[in-house]
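Rule-based calculations on the coordinates, nothing more; no lab input. These figures come from a predicted structure and were not determined experimentally. Here the Cβ positions follow ideal geometry from the backbone for every residue, glycine too, while neighbour counts run over all protein chains shown.
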Amino acid sequence: APTPTAEDINLGVDWLTKFGYLPPSDPVSGQLQTQEELSKAIKAMQEFGGLKSTGILDEPTLELMKTPRCSLPDLSQSEATRRKR
Amino acid sequence: SVQPLTKWAKRNLSWRIRTYPKESALGHDTVRALMYYALKVWSDITPLNFHEVAGNNADIQIDFSRADHNDGYPFDGPGGTVAHAFFPGDLHTSGDTHFDDEESWTFRSSDVHGMDLFAVAVHEFGHAIGLTHISDMESIMRPYYQGPVGDPLKYDLPYDDKVRIWQLYGVRESVSPTAKPEVSRAEDHPFLPDLPENRSTIQPRKDEPDRCNTHFDAVAQIRGEAFFFKGKYFWRLTRNKHLVSLQPAQIHRFWRGLPLNMDSVDAVYERATDHKIVFFKGDRYWVFKDNNVEEGYPRPITDFGLPLGGVDAAFSWPHNDKTYFFKNNLYWRYDDQEHRMDEGYPVEMTLWKGIPAMLDDAMGWSDGEIYFFKGKEYWKVVDSSMEVEQGYPQSTARDWLVCSDMQSDGPGSESSRTGARSRHGQQDESRSENGYEVCSCTS
């Protein structure tokens, strides 16, 4: 699969945070998320969206992220935090 | 997703549209009627009652807002986030429902870029009464917009959604958990226009084919949705097999880059490797990224190792990640990853038991099965077998294009009508669906 661009990754992190798959970014480390956390969040998003769970920001995943949707998160904050722990 | 413990303690809820869309083709009366029917979807099956009020104290305040509107959920223009609602509770915002005023809100429209207001409203009111998002592809509470859900007056919630809302509020006394909703008298409800206000834009065109009485040039599953192509037009069905519009869309208005003098297509499929969409016409093919043609096309179909003369049908089979091409009584198996035809092909179509030669087209569907189309009929092949399931062919118009047997006049043979009757009969008699047993306890 083609490597996602920096723009795709930024879009992906924003999207995953907005809809509850990643906890809000740490004010100390800024936007930095570990690769493992990001991959887990992508997998959760893919499973929820009915996509093949790869943990990679592939084309179908980016496509689904661009699909019009409801503003409310899919997972609650506590669920995202619990996954992190 | 976990169900929150928020629900309304009261059963009578008031609603009000505080602001209407500013530049929408939908008039105020249509918007009001759509909100009424979207709430009615939920009140028809639960003990909740919704009544419209004036003033600022409505439980469910409805707004069409733009950008940041001071609730922590800014809208982002067309596409992206389209609406949201607040869960039940004691806050003054609880139950409030906001729609992005910058979306192109539609109703009974063939505009494929439009956002069906009724479908979105049913979803948002689900939140307003306590439902969270779930991943179920069939659910109205799936977070992604999946297109129109059909006629507001006939809309019936997916069974899983009914069960989730019954878990919160119980079943309405007049409702049997397995019965169809009663048909209510039209005079009791707001008038819902047959057509949007700008009627002139969707008058049937003279060359528009009759979807109930035609065979299709090509059929394809694209991004999980079904596309039926005929002449210069196509119909689109959502993942849940809801027809997006009774009016077909024009191929050239949506698939940008096909020659304007092209009056039909032979076959279409979505490539499994990169999700690009491939159109075939005669000896040439075009590759689309989304709905725009890629540079360098058309190219000859000999690129695939196919002989000149065109193809009848093409589909990608998830079972083995191979692409199949059909022409007359032969078929080929192509490896899209290796970009080459598998050895030993073409092969006689007789290997596909029960499938007729000279197909119109074929497609894989989200149930994992393959559907073959020819004339006014279709055949189903299940479980990676290469054999037609018993009971086929069936009517394409009736089963896919929302036509009655009388409308389609096609293979509506006595046997197929009997088949449809028995299927419905079976469903009506059942006390459970999708593995759920439902107990009604309303007191």
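Over every pair of different alpha-carbon atoms in region B:204-328, take the mean of 1/r and invert it; report that Kirkwood radius in Å. It works out to 15.0 Å.
Over all pairs of different C-alpha atoms in region B:1-120, the reciprocal of the mean inverse distance, the Kirkwood hydrodynamic radius, equals 15.2 Å.
Taking 41 Å as R0, compute the FRET efficiency from the Cβ-Cβ separation of B:Glu173 and B:Val382 and round it to 0.05. Before the final figure, lay out each step's value.
Numbers: r = 41 Å, r/R0 = 1.01.
According to the calculation, E is roughly 0.50.
Size of region B:220-293: Rg and Dmax of its alpha carbons, in Å, are 11.8, 34. Distance between the 7 Å Cα→Cβ label points at B:Ala54 and B:Glu348: 8.0 nm. Pairwise alpha-carbon distances in region B:285-326 exceed 13 Å for 63% of all pairs. For region B:1-63, the alpha carbon convex hull comes to 125 Å³ per residue, rounded to a whole number. For a straight C-alpha distance cut-off of 16 angstrom, the lysines reachable from B:Lys154 (same-chain residues fewer than eight places away being disregarded) are B:Lys40, B:Lys162, B:Lys180, B:Lys241.
For region B:78-125, a Kirkwood hydrodynamic radius built from all Cα pairs, placed in the Stokes-Einstein relation at 4 °C and 1.567 mPa s, yields a translational diffusion coefficient of 111 µm²/s.
Distance cut-off 26 Å, Cα to Cα: go down the list B:Lys327/B:Lys380; A:Lys40/B:Lys289; A:Lys40/B:Lys380 and report the pairs above it. Provide the component values of the computation, followed by the final result.
Details: B:Lys327/B:Lys380 19 Å; A:Lys40/B:Lys289 28 Å; A:Lys40/B:Lys380 37 Å.
With Cα atoms farther than 26 Å apart: A:Lys40/B:Lys289; A:Lys40/B:Lys380.
Of all the C-alpha pairs in region A:32-75, what % are more than 17 Å from each other? Across region A:32-75, Cα pairs with separations above 17 Å total 31 percent.
Here B:Lys232 is the anchor, and the lysines within straight C-alpha reach of less than 19 Å, apart from those fewer than 8 places off in the same chain, are B:Lys206, B:Lys281, B:Lys374, B:Lys376. Its Cα gyration tensor gives region B:288-395 an equivalent ellipsoid; the semi-axes, largest first and in whole Å, are 24, 16, 14.
Shown here are the Rg and Dmax of the Cα trace of region B:328-388, at 12.2, 35 Å.
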